[in-house]
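Q: Right, I'll just put the structure down here and ask away after.
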Amino acid sequence: MAAKLKKGDKVVVLAGKDKGKQGEITAVFPKDNKAVVDGVNIAIRHQRQTQTTQGGRTPKAMPIDLSNLALLDKNGKATRVGFRMEGDQKVRFAKTTGDVI
């Protein structure tokens with residue numbers, strides 16, 4: 001099945017502690033049905049000091065379930081994603097505006 005959300009898409013969080021926050025998808029894990037969005041679902045990870053890096057507490061974006069994300073359309077509102085054929089190409093489009101993504 002084709003992916004409704006892909007790396008580089010602007011999304012909004014629909015549920016959870018970061019509800020309403022917006023960001024860009026930096027990584028997608030289709031097997032786990034999760035994605036990493038910058039600035040969303042941040043956790044503090046402890047890093048041991050090495051010769052090359054400074055140790056300490058570093059914030060890291062953790063994966064969030066795809067069902068809790070929705071694509072942003074050109075109006076800045078959450079939309080669902082649909083698929084249609086344009087010529088011989090299958091394209092994604094926003095259900096609210098009908099624009100090709």
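Q: Do any residues in the stretch 86-101 that are farther than 15 Å from residue 6 by Cα have Cβ atoms under 8 Å from those of residues that are modelled with pLDDT of 90 or more and aliphatic (A, V, I, L, M), where the two are at least six apart or on different chains, and which pairs are they?
A: Note: pairs meeting the criteria are 86/100; 95/81.
Q: Here's a check for you: in the stretch 61-101, which residue that is charged (D, E, K, R) and part of a strand (DSSP E or B) is farthest from residue 43 (Cα to Cα)?
A: Looking at the filtered set, the residue picked out is 86.
Q: Would you tally the residues in the stretch 54-82 being surrounded by fewer than 11 Cβ atoms within 10 Å (Cβ to Cβ) and among the charged types (D, E, K, R)?
A: Number of matching residues: 1.
Q: Kindly provide the set of residues from the stretch 26-53 that are surrounded by fewer than 15 Cβ atoms within 10 Å (Cβ to Cβ), closer than 23 Å to residue 92 by Cα and of a type outside the set (Phe, Trp, Tyr), ordered by number.
A: 26, 27, 30, 31, 32, 33, 38
Q: Quick check on the stretch 15-25. Is at least one of its residues free of Cβ contacts under 8 Å to residues at least 40 places away in the same chain, more than 22 Å from residue 83 (Cα to Cα) and surrounded by 14 or more Cβ atoms within 10 Å (Cβ to Cβ)?
A: Within the stretch 15-25, one or more residues are free of Cβ contacts under 8 Å to residues at least 40 places away in the same chain, more than 22 Å from residue 83 (Cα to Cα) and surrounded by 14 or more Cβ atoms within 10 Å (Cβ to Cβ).
Q: A further question on this structure: Restricting attention to the stretch 6-36, which residues are more than 12 Å from residue 65 (Cα to Cα), part of a loop (DSSP other than H, G, I, E, B) and of a type in the set (Lys, Arg)?
A: Those that are more than 12 Å from residue 65 (Cα to Cα), part of a loop (DSSP other than H, G, I, E, B) and of a type in the set (Lys, Arg): 6, 7, 17, 19, 21.
The values are calculated or read from the model by the stated rules, or taken from the named source; none is laboratory data. Keep in mind it's a predicted model, so treat the numbers as computed, not measured. As a convention, Cβ positions derive from the backbone with ideal geometry for all residues, glycine included, and neighbour counts pool all protein chains shown.
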